[in-house]
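> Okay, handing you the structure first.
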Amino acid sequence: MVFRHAGTLDKFLGDGFMATFGGLDGRGDGAARAMACAVDLQREVDAWNAKREARGAAPVRVAVGVHCGPVVIGNIGADQRVEFTVIGDVVNVASRLEAATRELGGRIVASECCLSAAGPEVAGRFTRTLPLTLRGRTQPIVVHVAE
């Protein structure tokens, strides 16, 4: 799904992964591609769950957090271990948005700035908008939730 939307699979994190969109290609539509990927990923999970439920298996829940903004991208590390990755506050916020899906009861939680940058094509998928104070922050950010 990530590659279908011209994203970069940055790393696997336990039972999840981190992907980036637009960090290297200069296309300017990274937020739109990230949001489209999140929506398409949920559609794929729905189709997979229908097959699972038909054979009596429990459905699988996939949570997505989406945020955008400036990051540091490149080879990061020391002589003993170097990794091509992205780092920065944007990465931390995206991770915390993904974690917030559980308490908010949503499948995708996207920041206001990312949804605005993505354009109106995906906005209709989001049913709730609310302020959310993330761990380590004093000021809330506006988020949009898709169930």
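> Given the residues G136, G65, G77, which is the only one that is over 16 Å from G23 (Cβ atoms), free of Cβ contacts under 8 Å to residues at least 24 places away in the same chain and not in a helix (DSSP H, G or I)?
Going through G136, G65, G77 in turn, the sole match is G77.
> Against the conditions (1) modelled with pLDDT under 95; (2) open to solvent by less than 50 Å² (accessible area, probe 1.4 Å); (3) touching a Ser or Thr at 6+ places or on another chain (Cβ under 9 Å), where does H144 fall short? Just the number, please.
Going through the list (1) modelled with pLDDT under 95; (2) open to solvent by less than 50 Å² (accessible area, probe 1.4 Å); (3) touching a Ser or Thr at 6+ places or on another chain (Cβ under 9 Å), H144 breaks only (1).
> Just one of (1) assigned to a helix (DSSP H, G or I); (2) open to solvent by 70 Å² or more (accessible area, probe 1.4 Å); (3) touching a strand residue (DSSP E or B) at 6+ places or on another chain (Cβ under 7 Å); (4) not charged (D, E, K, R) trips up A94, so point out which.
Here A94 meets the rest and fails (2).
> Of G119, G105, which residue is under 16 Å from C68 (Cα atoms) and surrounded by fewer than 19 Cβ atoms within 10 Å (Cβ to Cβ)?
Working: G105 fails: under 16 Å from C68 (Cα atoms).
The match here is G119.
> Take the residues in segment 11-54 that are of a type in the set (D, E) and out of contact with any Gly (no Cβ under 9 Å at 6 or more places or on another chain); name whichever of them is most open to solvent (accessible area, probe 1.4 Å). Don't jump to the end; show me each part of the working.
The first filter runs over segment 11-54 and keeps only residues of a type in the set (D, E), leaving 15, 25, 29, 40, 44, 46, 53.
Filter once more, so that each one left must be out of contact with any Gly (no Cβ under 9 Å at 6 or more places or on another chain): 15, 25, 40, 44, 46, 53.
On the way: D15: 163, D25: 68, D40: 35, E44: 96, D46: 71, E53: 106 Å².
Applying the filter and picking the extreme gives D15.
The values are calculated or read from the model by the stated rules, or taken from the named source; none is laboratory data. What you are looking at is a predicted structure, and each value in this text was computed from that prediction instead of being measured. Here Cβ is always computed from backbone atoms with ideal geometry, including for glycine, and neighbour counts include all displayed protein chains. For the accessible areas, the whole protein counts, side chains as well, though only heavy atoms, and no ligand, DNA or RNA atoms are used. Shrake-Rupley method; radii C 1.70, N 1.55, O 1.52, S 1.80 Å.
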